[in-house]
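Quick notes on the structure that follows.
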Amino acid sequence: MKAPAQTATLVRFEISPRSIAWILATIVGVWLFLQLRAVFLLLVVALVFAGTFNPLVEWMERRGIKRLYALTLLFVALLVATSLLIFLTVPPFLEQLARSCVTPRTIASN
């Protein structure tokens, strides 16, 4: 008895237009996010600052200070604190860095 002849089967993969649209939308979304990631980061930082400082500004408003003046006072205080921090840390750091670079190295002689 002879074995039946094997016929080649054709397998077709069909991708629906909806799947193609989802794939393209995902690619465009990732590309757009990569282009705008700096803006997203800036937006997140701004929202964190707003959420952090809003209670302090509202507290100053309850004490009778207008919101504009409270915000100005807050930013001036932050500027002074940052400047003070830089003034107190950078000069000693630079002095220590200069001292470590100028120190002569001893060469061991035989």
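Within segment 9-16, can one find any residue that is in a helix (DSSP H, G or I) and either charged (D, E, K, R) or free of Cβ contacts under 8 Å to residues at least 24 places away in the same chain (or both)? Among the residues of segment 9-16, not one is in a helix (DSSP H, G or I) and either charged (D, E, K, R) or free of Cβ contacts under 8 Å to residues at least 24 places away in the same chain (or both), which makes the answer no. For segment 22-58, the candidate set comprises residues that are more than 23 Å from Leu73 (Cα to Cα) and aromatic (Phe, Trp, Tyr); within that set, the residue that is nearest to the chain's Cα centre (by Cα) is Phe40.
So that you can scan it fast, the table gives a plain yes or no per residue for (1) of a type in the set (D, E, K, R); (2) modelled with pLDDT under 95; (3) open to solvent by 100 Å² or more (accessible area, probe 1.4 Å):
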| residue | (1), (2), (3) |
| --- | --- |
| Arg62 | yes, no, yes |
| Val76 | no, no, no |
| Ala81 | no, no, no |
| Leu84 | no, no, no |
| Val90 | no, yes, no |
| Leu94 | no, yes, no |
| Ser100 | no, yes, no |
| Thr103 | no, yes, no |
| Ile107 | no, yes, yes |
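Summed over segment 7-66, residues that are basic (Lys, Arg) and at positive phi total 0. Just one of the listed residues (Leu34, Leu24) is surrounded by fewer than 10 Cβ atoms within 10 Å (Cβ to Cβ), out of contact with any strand residue (DSSP E or B) (no Cβ under 7 Å at 6 or more places or on another chain) and part of a helix (DSSP H, G or I), and it is Leu34.
The values are calculated or read from the model by the stated rules, or taken from the named source; none is laboratory data. Since the structure is predicted, the reported quantities are computational estimates derived from the model, not experimental observations. Here Cβ is always computed from backbone atoms with ideal geometry, including for glycine, and neighbour counts include all displayed protein chains. Note: accessible area is taken over every heavy atom of the protein model, side chains too, but ligands, DNA and RNA are not part of it. Shrake-Rupley method; radii C 1.70, N 1.55, O 1.52, S 1.80 Å.
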